[in-house]
1. In whole percent, how big is the carbon plus sulfur part of the accessible area of the chain, probe 1.4 Å, protein atoms only?
2. For the chain, what is the calculated [θ] at 222 nm in deg cm²/dmol (nearest 500), taking -39500 (n - 2.57) for each run of four or more DSSP H residues and dividing by its residue count?
3. Which whole-Hz ³J(HN,Hα) couplings does segment 171-186 yield from phi under the Karplus relation 6.51 cos²θ - 1.76 cosθ + 1.60, θ = phi - 60°, glycine and proline marked x?
4. Of all DSSP beta bridges located in the chain, what percent are antiparallel, nearest 5?
5. Obtain the nm distance between the two label points defined at MET59 and ASP122 by a simple spin-label model: each point lies 7 Å from its Cα along the Cα-to-C-beta direction.
6. If a/c stays under 1.5 just call it rounded; otherwise compare a/b with b/c (prolate if a/b is bigger, oblate if not). Do that for segment 42-142, with a ≥ b ≥ c from the square roots of the Cα gyration tensor eigenvalues.
7. Based on the mean of other beta carbon atoms within 10 Å per residue, what is the order of 39-45, 158-164, most packed first?
8. Of the peptides 175-181, 65-71, how do they stack up when ordered by the mean number of other Cβ atoms within 10 Å, highest first?
Amino acid sequence: MEQPDPASEHESIAALGESAVLARILPRLESGSASLLGPGDDAALVAAPDGRFIVTTDMMIHGPDFRLAWSTPFELGWKAAATNLTDVAAMGAVPTGLVVAIAAPPELDVRVLEGIADGLRDAVATLAPGAGVVGGDLSASSVLTIAVTAFGDLEGRAPVLRSGARPGDVVAHAGARGDAARGLALLFA
């Protein structure tokens, strides 16, 4: 994602208003194949062919969880999606949809939210093809906060539970364990 040009005109969330901000963000997001009714109504309608679904949620708060000085908005959107999509997959489900709530300072440049939306979109397309953002909320706050709730379809399978682990089972992970925590510790130092 390109970084905003500091010389270009700043468009704050407050100056644009919620409807105009949403009009710039929603076209950046796909609603996914399980969405029967996506963003724009009071709630989303998502298919659950299995009759059961997996649901998980995580929040990222500016300060303790991330800093805009350390991450691009695109990276924040990617991380917010990936954190939840991997939780759904860990339970043995196929991700079907995300609901994203963002609380942001009214003076924040809308391009930050556009970058977050682009990161969400690309993470979902890469990590969970067919899934999408089916709804969410936008609110004002003095602290930028991103909350994502993800849903998944078990497709008839039993959920994979931590309590089901047995000696001799294969435990798989992606990446180097502990790198994120070490990196965050270095940034805070």
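1. Numbers: 6230 of 10690 Å².
Answer for the chain is 58 percent, counting heavy atoms of protein chains only.
2. Values: 5 runs with 58 residues, N = 189.
Rounded to the nearest 500, the figure is -9500 deg cm²/dmol.
3. Result, ordered by residue: 10, 10, 8, 10, x, 8, 5, x, 4, 5, 5, 5, x, 5, 4, 5 Hz.
4. Values: 20 of 29 bridges.
Percentage antiparallel, nearest 5: 70.
5. Going from the MET59 label point to the ASP122 one covers 2.8 nm.
6. Judged from the Cα gyration tensor, segment 42-142 comes out prolate (a/c at least 1.5, a/b above b/c).
7. Working: 39-45: 12.4, 158-164: 9.7.
Sorting 39-45, 158-164 by mean packing, highest first, produces 39-45, 158-164.
8. Details: 175-181: 8.7, 65-71: 13.4.
Sorting 175-181, 65-71 by mean packing, highest first, produces 65-71, 175-181.
The values are calculated or read from the model by the stated rules, or taken from the named source; none is laboratory data. Nothing here was measured: the structure is a model prediction, and the numbers come from that model. Note: ideal-geometry Cβ built from the backbone for every residue, glycine included; neighbour counts use all protein chains shown. With ligands, DNA and RNA removed, areas are computed over all heavy atoms of the protein, side chains included. Shrake-Rupley method; radii C 1.70, N 1.55, O 1.52, S 1.80 Å.
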